[in-house]
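A short reminder: the numbers here are calculations on the coordinates, not readings from a lab. Computed from a predicted structure; not experimentally measured. Virtual Cβ from ideal backbone geometry, glycine too; neighbours counted across all protein chains shown.
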């Protein structure tokens, strides 16, 4: 912020009578850094004049500055290039990125004003009543007022963007295979996968097609599942007791890779999902569904038959 000429003269005068920089700063409400800078310049140049700037015209007009502020207020995370295109500015994108910082940066509230005291909670609560007219002025005071307003808005929903710690997108699916191909694929939802959900899927997804197409009339068949807590939960055990025609293959502890469906999942990821780009859970589910349908092709069925036939060697 540029200091007034009378303020600069007062700094030199008070320094001449022996006052410390801290005392001068308290009397004039100016930072000690500004005090030291003008005292040093007076010693070197003998005057208290501002250095001449480059004289280049501003990249934006006051009306465009207000338009930029409105865009950022409505959408704080708008990219500078998008604002540049929206306003149709004649300057280059790089020049605009430099010019936009003091006006539209969402981190303006981090700037410290050297002419205004630190905000208190009383000041914060009173701001909505006294800042409306001040926003019409473009310049340093405008930036200061935006700093005050953004102090209030920094935790608003529009100023907060979600963040994933790992950056991974996951989607839980239930699928089953048999000796001649794959069965149905089911989305277990974003909620927690529990034993009750597993039993519901067994009853609604697994058993109907198995009993209708593969093993009708309660013909006994073998089911391979690992020792996941969901598979070994009490509710799952009780359900299997009600279906004596299902024989569970004994599965040793800490050996989930013995389940042949793990080879199918690995093949799906390696060939169909690993190099694909997805940003949402729905996009990932779409990729998994397409990969699962590929396993119904002759090549996919051959792979499933091979891994199922390998059970005798595991």
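Cut-off is 10 Å between beta-carbons; in what order do 193, 303, 221 appear when sorted fewest neighbours first? Display every interim value, and only then the final one.
Values: 193 16, 303 19, 221 13.
Listed from fewest to most nearby Cβ atoms, that is 221, 193, 303.
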I want to check the label-to-label distance for residue 194 and residue 19. Put each point 7 Å from Cα in the C-beta direction and report it in nm to one decimal.
7.1
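Express in nm, to one decimal, how much length is gained between residue 44 and residue 71 on full extension, taking 0.36 nm for each residue of separation and deducting their alpha carbon distance.
Values: separation 27, 0.36 × 27 = 9.72 nm, distance 4.49 nm.
Residue separation times 0.36 nm, minus the Cα-Cα distance, leaves 5.2 nm.
Calculate the FRET efficiency for residue 203 and residue 179 from the Cβ-Cβ distance with a Förster distance of 25 Å, rounded to the nearest 0.05. Write out the running numbers ahead of the final one.
Details: r = 22 Å, r/R0 = 0.89.
FRET efficiency, residue 203 to residue 179: 0.65.
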Between residue 51 and residue 266, the FRET efficiency computed from the C-beta separation at R0 = 45 Å comes out, to the nearest 0.05, as 0.10
Full-stretch length increase - residue 289, residue 10 - with 0.36 nm per residue and alpha-carbon distance subtracted
92.9 nm
For the residues 265, 292, what sequence is obtained by ranking on other C-beta atoms within 10 Å, fewest first?
265, 292
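Residue 82 to residue 275: FRET efficiency via 1/(1 + (r/R0)^6), r the Cβ-Cβ distance, R0 41 Å, to the nearest 0.05?
On the way: r = 29 Å, r/R0 = 0.71.
For residue 82 and residue 275, the calculated efficiency is 0.90.
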Whole-number D in µm²/s for region 5-45 (Stokes-Einstein; Kirkwood sum over Cα pairs; 4 °C, 1.567 mPa s)
132
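Which ordering of 222, 240 is given by a fewest-first count of other beta-carbon atoms within 10 Å? Can you show the working numbers first?
Numbers: 222 9, 240 16.
Going from sparsest to densest Cβ surroundings: 222, 240.
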